[in-house]
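The values are calculated or read from the model by the stated rules, or taken from the named source; none is laboratory data. A quick note: this is a predicted structure, and the numbers were derived from the prediction, not measured. All Cβ positions, glycine included, derive from the backbone under ideal geometry; neighbour counts span all protein chains shown. Note: areas computed on protein heavy atoms with side chains; ligands, DNA, RNA excluded. Shrake-Rupley method; radii C 1.70, N 1.55, O 1.52, S 1.80 Å.
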Amino acid sequence: METINLGIVGLGRGFMLTLPALRDNPAIRLRAAFSLRPEPRAHFAEQFDALAYDSFDDLLARGDIDAVYVATPHELHAEHTIAAVNAGKHVLVEKPMAIGLEDCMAMDAAARRAGKVIIVGPSHGFDAPVQKAADLVASGDFGAIRMITTFNFTDFMYRPRRPEELDTARGGGVVYSQAAHQIDLVRRIAGLPVASIRATAGNWDERRPSEGAYSALMTFEGGAWATLSYSGYAHYDVDELVGWISELGFEKDPEAYGAARRKLAGMTPEDEIAAKIGRTYRPGSETDSPPRAPHHEHFGFLLVSCEKADFKVSPTQITVYGDTERRTVAIAPPRLPRVEVIDEFVGAIAGDRQPVHDGRWGVDTMACCEALLQSSRTQRDVAPASLIDAILEKNRP
């Protein structure tokens, strides 16, 4: 397949951030889109000389669409993905794969039955520095992996949100949206099955009623472990530790401290929804000529410990602290953000590469997210594999 005719399902912020990489890949042709909002539909149709629909079924009915990018709200991912693979389309679905493990497993099973590709992303497990760190670990040159330390402090909870983004039952809060990133990058680097998770998650602001912070201890088969912490409460900013480079790879002004809280203060619920829409794909957004980030994306502080060295992973390089010397491994600047995601998707469809972030990968990441939440509720260790096994047993004929 020399050209992949792609349909876009959801013209929101996810699509806007991924659009430069989609436009850059010569194998991708943007042919159609689905959105319930007329303004982005009209903009898409004009920008790409394509058709835009207010009916998802109408988009799926097009026989010339080879694949779809599902970037709708989290609670719709399973419905849209299963319908797409059943209609003969390959799927790139935004993280989190879905808001429930059983839904993720149904998505993966549907794709396998249909013989179609599912790629789950973008997540920071795709980032070039993370992939390089995974290669260093897999080389064996530094001995076995022993420990991963990662933490991130952001303003996530105080960015403009739709109501469902602050409702855990509908995929809101930091666990589904942010732990999915952190778990992906840790799993990508370790390259080992997750054995258990012990975690605590908290909601510290009743006005933003979902989990806004967590800490977790993740153990891997073979004895290695990782510690993961995240806070979205807009106090400390972890970008200070990575050279004031933002998550999306741009230079950041440390004097802009508190901007998210200040902007949110005094907003009505209607104002907040309008502000959320203002950050999505629409006429006048950055989609026509988006600024290019000078650095790779990142997800906070990340330190990888092997038997013979520690690796500090940053948006610009990896610093290797060995037994007798310290050296740096250069990371070429990004051509565009998220090109690694689209390269993996295109390669998987063409059969040129075995994808990492496939449907089973997404299932395992969601099992870790649900294990984190369950461990926080019960204050016990939870094995992600046991959650998968319980669903398989329940559904066994």
With the first residue restricted to segment 376-397 and required to be more than 16 Å from residue 100 (Cα to Cα), and the second required to be part of a loop (DSSP other than H, G, I, E, B), Cβ contacts under 9 Å at 6 or more apart or on different chains are 376/211
Is it true that some residue in segment 293-304 is open to solvent by 40 Å² or more (accessible area, probe 1.4 Å) and over 19 Å from residue 244 (Cα atoms)? no
Failed criterion for residue 330 (all others in (1) free of Cβ contacts under 8 Å to residues at least 24 places away in the same chain; (2) open to solvent by less than 30 Å² (accessible area, probe 1.4 Å); (3) of a type in the set (A, V, I, L, M) hold): (2)
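Quick one: how many residues across segment 38-66 are over 24 Å from the mean Cα position of the chain (by Cα) and in a loop (DSSP other than H, G, I, E, B)?
The initial filter retains those residues of segment 38-66 that are over 24 Å from the mean Cα position of the chain (by Cα), namely 38-39, 41-43, 45-55, 57-65.
Keeping just the survivors that are in a loop (DSSP other than H, G, I, E, B) gives 49-50, 54-55, 61-65.
Residues flagged as over 24 Å from the mean Cα position of the chain (by Cα) and in a loop (DSSP other than H, G, I, E, B) within segment 38-66 amount to 9.
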With the structure loaded, tell me whether residue 176 is within 17 Å of the chain's Cα centre (by Cα) and of a type in the set (Phe, Trp, Tyr) or whether it fails that test. yes
Tell me which of these residue 57 doesn't satisfy, since it passes every other one: (1) free of Cβ contacts under 8 Å to residues at least 40 places away in the same chain; (2) open to solvent by less than 50 Å² (accessible area, probe 1.4 Å); (3) not aromatic (Phe, Trp, Tyr). (2)
Being over 13 Å from residue 188 (Cβ atoms), of a type in the set (Lys, Arg) and open to solvent by 10 Å² or more (accessible area, probe 1.4 Å): is that true of residue 116 here? yes
If a residue has to be small (Gly, Ala, Ser) and farther than 19 Å from residue 300 by Cα to count, how many in segment 176-198 make the cut? 3
For segment 197-248, give me each residue that is of a type in the set (Ser, Thr, Tyr) and within 21 Å of residue 166 (Cβ to Cβ). 200, 210, 214, 215, 229, 230, 231, 233
For segment 59-90, what are the residues that are under 13 Å from residue 118 (Cβ atoms), in contact with a Gly (Cβ under 7 Å, 6 or more places away or on another chain) and of a type in the set (Gly, Ala, Ser)? none
Which residue out of 145, 183 is touching a strand residue (DSSP E or B) at 6+ places or on another chain (Cβ under 9 Å) and under 12 Å from residue 304 (Cβ atoms)? 145
Candidate set from segment 379-394 (those that are open to solvent by less than 90 Å² (accessible area, probe 1.4 Å) and in a loop (DSSP other than H, G, I, E, B)); member that is farthest from residue 361 (Cα to Cα): 379
Members of segment 184-210 found to be open to solvent by 10 Å² or more (accessible area, probe 1.4 Å), more than 27 Å from residue 358 (Cβ to Cβ) and in a loop (DSSP other than H, G, I, E, B), listed by number: 203, 204, 205, 206, 207, 208, 209
Scanning segment 115-152 residue by residue, those within 26 Å of residue 82 (Cβ to Cβ) and free of Cβ contacts under 8 Å to residues at least 24 places away in the same chain turn out to be 115
Only listed residue being open to solvent by 30 Å² or more (accessible area, probe 1.4 Å), out of contact with any His (no Cβ under 8 Å at 6 or more places or on another chain) and without any contact (Cβ under 8 Å) to a residue 24 or more places away in the chain, chosen from 79, 75: 79
Test: residue 224 is open to solvent by less than 30 Å² (accessible area, probe 1.4 Å) and in contact (Cβ under 8 Å) with a residue 40 or more places away in the chain: yes
